[in-house]
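Visitor: I'd like to ask you about the structure that follows.
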Amino acid sequence: MDLAGRELPSGSARLEPYQNWLLHDAFYSPPQSEPHPVAAFVLANRGIGISMADLFALFGSDINDGPLLAESAIELHHPLAEDADYQVRGVIESVERRRSRRIGPFDRITCRFDLYQADDLAATVTNVFAVPRADQDGAP
Amino acid sequence: MTELPSWKLDQVDAARMKTLALLLADPNPIHLDPAAARRFGVADGPVNQGPSTMAMAVNMLLAAFPGARLLSYRARLLGLVLAQDSVEGGGNITSREILDGQERVRCRLHLEVPGRGRVLDGEAVLVLPAADGNS
């Protein structure tokens with residue numbers, strides 16, 4: 001299954017003021033009206049039109065099988081805002097087969113999520129997942 | 001290179017992971033249930049979500065540069081952070097430049113759990129507030 005280049009279903013997300021407060025607190029950050037910069041990750045995760053479980057199923061994995069967030073990059077083109085609607089578009093940018101001593105063979109899957117506020121690109125979140133794969137001889 | 005002030009979080013809080021699981025819509029039980037983390041052979045306690053660990057490093061940067069605005073941030077997650085861990089961080093400024101009249105700093109940064117080693121490394125670019133307070 002060739003996943004690279006596949007667009008993910010788009011969707012939207014909004015950080016209500018009480019959610020913004022809770023997110024600052026969950027991030028060990030003093031609550032304030034401007035969202036924490038890493039809120040971009042949360043908005044991307046919640047706003048893309050596919051659940052995490054379904055995203056990992058698309059990868060041919062299961063959320064309980066140990067897919068890991070290996071890397072993440074956030075670009076903030078504008079400061080984030082609470083109580084604002086963000087349209088989220090996503091694409092699977094690349095899939096690379098790798099091997100590590102710790103988890104054996106795995107696919108390094110890069111997904112990019114673009115967050116738009118009223119047609120302006122507000123933030124880009126690029127996540128790299130390490131998805132364990134069975135050895136071709138069937139060994140885990 | 002100028003070093004960032006050292007930074008420490010005394011204890012990672014399992015209750016905050018539960019809040020974040022709801023906000024992220026992340027159903028992975030290893031962030032909620034110590035038994036699940038043990039059952040999957042991942043850890044002996046709830047595992048902090050990656051974005052929470054990433055946020056800790058941003059907190060360190062914003063403590064070092066009050067009033068600054070983060071423009072970009074790249075993090076590699078190298079190890080697990082567990083409930084009740086303490087987390088320590090550091091880094092350095094690798095470059096400074098003036099762009100459009102604003103000072104930008106680029107930093108390398110890292111976090112580690114004492115006794116288990118490095119859990120995150122990364123880099124970030126921030127724009128500093130103007131001397132008159134307007135960023």
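The values are calculated or read from the model by the stated rules, or taken from the named source; none is laboratory data. Bear in mind the structure is a predicted one, so any value in this text is a computation, not a measurement. Cβ atoms come from the backbone with ideal geometry, glycine included; neighbour counts cover every protein chain shown.
Visitor: Please work out which residue is modelled with the lowest pLDDT, limiting yourself to segment A:115-139 and to residues that are within 15 Å of A:Asp65 (Cα to Cα) and in contact with a Leu (Cβ under 7 Å, 6 or more places away or on another chain).
Guide: Checking each candidate, the answer is A:Ala130.
Visitor: How many residues are in a loop (DSSP other than H, G, I, E, B), closer than 22 Å to A:Leu15 by Cβ and either in contact with an Asp or Glu (Cβ under 8 Å, 6 or more places away or on another chain) or charged (D, E, K, R) (or both) if we restrict to segment B:15-41?
Guide: The number of residues fulfilling the criteria is 1.
Visitor: Give the number of residues within segment A:52-87 that are small (Gly, Ala, Ser), free of Cβ contacts under 8 Å to residues at least 12 places away in the same chain and under 26 Å from B:Leu120 (Cβ atoms).
Guide: Qualifying residue count for the region: 1.
Visitor: I've got another one for you. Are there strands (runs of 3 or more DSSP E) fully within segment B:65-135 with at least 1 residues that are of a type in the set (Phe, Trp, Tyr)? List them.
Guide: In segment B:65-135, B:69-77 are the strands (runs of 3 or more DSSP E) which contain 1 or more residues that are of a type in the set (Phe, Trp, Tyr).
For every residue, the table says whether it meets (1) closer than 25 Å to A:Ser100 by Cβ; (2) more than 13 Å from every other protein chain (Cβ to nearest Cβ); (3) touching a Pro at 6+ places or on another chain (Cβ under 7 Å); (4) surrounded by 18 or more Cβ atoms within 10 Å (Cβ to Cβ).
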| site | (1), (2), (3), (4) |
| --- | --- |
| B:Asp13 | no, no, no, yes |
| B:Pro51 | yes, no, no, yes |
| B:Ala55 | no, no, no, yes |
| B:Ser95 | no, yes, no, no |
| B:Gly101 | no, yes, no, no |
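Visitor: Restricting to segment A:92-125, name every residue that is touching a residue at least 40 places away in the same chain (Cβ under 8 Å), under 20 Å from A:Leu15 (Cα atoms) and touching a Lys or Arg at 6+ places or on another chain (Cβ under 6 Å).
Guide: none
Visitor: Among residues belonging to segment A:113-125 that are surrounded by fewer than 18 Cβ atoms within 10 Å (Cβ to Cβ) and either in contact with a helix residue (DSSP H, G or I) (Cβ under 9 Å, 6 or more places away or on another chain) or of a type in the set (A, V, I, L, M) (or both), point out the one that is farthest from A:His36 (Cα to Cα).
Guide: Looking at residues that are surrounded by fewer than 18 Cβ atoms within 10 Å (Cβ to Cβ) and either in contact with a helix residue (DSSP H, G or I) (Cβ under 9 Å, 6 or more places away or on another chain) or of a type in the set (A, V, I, L, M) (or both), I get A:Ala118.
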